[in-house]
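What follows is one structure encoded as structure tokens, with my remarks underneath.
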């Protein structure tokens with residue numbers, strides 16, 4: 001099962017929990033885990049809290065961790081910072097599934113973190 005996420009800005013954290021839950025519920029098999037994978041090298045998937053101020057903090061943290069400019073890859077297409085930020089995030093998360101439902105903790109959400117937007121991203125749930 002897969003779905004598309006549209007992002008609006010270059011660096012943005014998007015709560016995709018509801019879409020992941022729907023994808024897991026729609027699966028034909030009842031597996032004990034679900035892997036959420038973004039099919040791109042400049043976006044990541046993480047589990048964290050979806051509180052709006054924290055989402056802003058995530059964006060600020062990544063901006064401060066990896067400067068926008070000064071990278072060799074920028075000579076090619078100007079998005080080295082996006083690739084490097086994604087190295088910190090990772091492309092997937094595996095979460096437990098109980099009775100066909102995603103078993104996240106009380107404050108946990110599934111987040112897509114866009115590092116090279118705005119774009120449309122494909123997220124796969126298996």
Residue 6: surrounded by fewer than 17 Cβ atoms within 10 Å (Cβ to Cβ), within 12 Å of residue 102 (Cα to Cα) and at pLDDT 95 or above, yes or no?
-> no
Of the residues in the range 11-48, those that are over 26 Å from residue 118 (Cα atoms) and touching a residue at least 40 places away in the same chain (Cβ under 8 Å) come to 24, 25, 27, 30, 31, 32, 33, 34
With the condition kept exactly as written, say whether any residue in the range 109-122 is farther than 29 Å from residue 27 by Cβ, surrounded by 15 or more Cβ atoms within 10 Å (Cβ to Cβ) and at pLDDT 95 or above.
-> yes
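Kindly indicate whether residue 78 is surrounded by 13 or more Cβ atoms within 10 Å (Cβ to Cβ) and either within 21 Å of residue 3 (Cβ to Cβ) or in contact with a strand residue (DSSP E or B) (Cβ under 8 Å, 6 or more places away or on another chain) (or both). Show your work before the answer.
Values: surrounded by 13 or more Cβ atoms within 10 Å (Cβ to Cβ): yes; either within 21 Å of residue 3 (Cβ to Cβ) or in contact with a strand residue (DSSP E or B) (Cβ under 8 Å, 6 or more places away or on another chain) (or both): no.
Answer is no for this residue.
Return yes when residue 48 is under 27 Å from residue 106 (Cβ atoms) and at pLDDT below 95 and no when it is not. It would help to see each step written out before you state the result.
Details: under 27 Å from residue 106 (Cβ atoms): yes; at pLDDT below 95: no.
Here the answer is no, as residue 48 does not meet what is asked.
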What are the residue pairs meeting all of these: first residue in the range 86-109, first residue within 13 Å of residue 16 (Cβ to Cβ), second residue loosely packed, with under 12 Cβ neighbours inside 10 Å, Cβ atoms under 6 Å, and 6 or more apart or on different chains?
-> none
Find the residue count for the range 13-44, including only residues that are within 27 Å of residue 81 (Cα to Cα) and exposed (fewer than 13 other Cβ atoms within 10 Å of the Cβ).
-> 1
Positions within the range 62-75 being under 18 Å from residue 44 (Cβ atoms) and surrounded by 13 or more Cβ atoms within 10 Å (Cβ to Cβ), in sequence order = 62, 63, 66, 68, 71, 73
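The values are calculated or read from the model by the stated rules, or taken from the named source; none is laboratory data. Quick caveat, the model's predicted, so the values are computed rather than measured. Cβ: placed from backbone, ideal geometry, glycine included. Neighbour counts: every protein chain shown.
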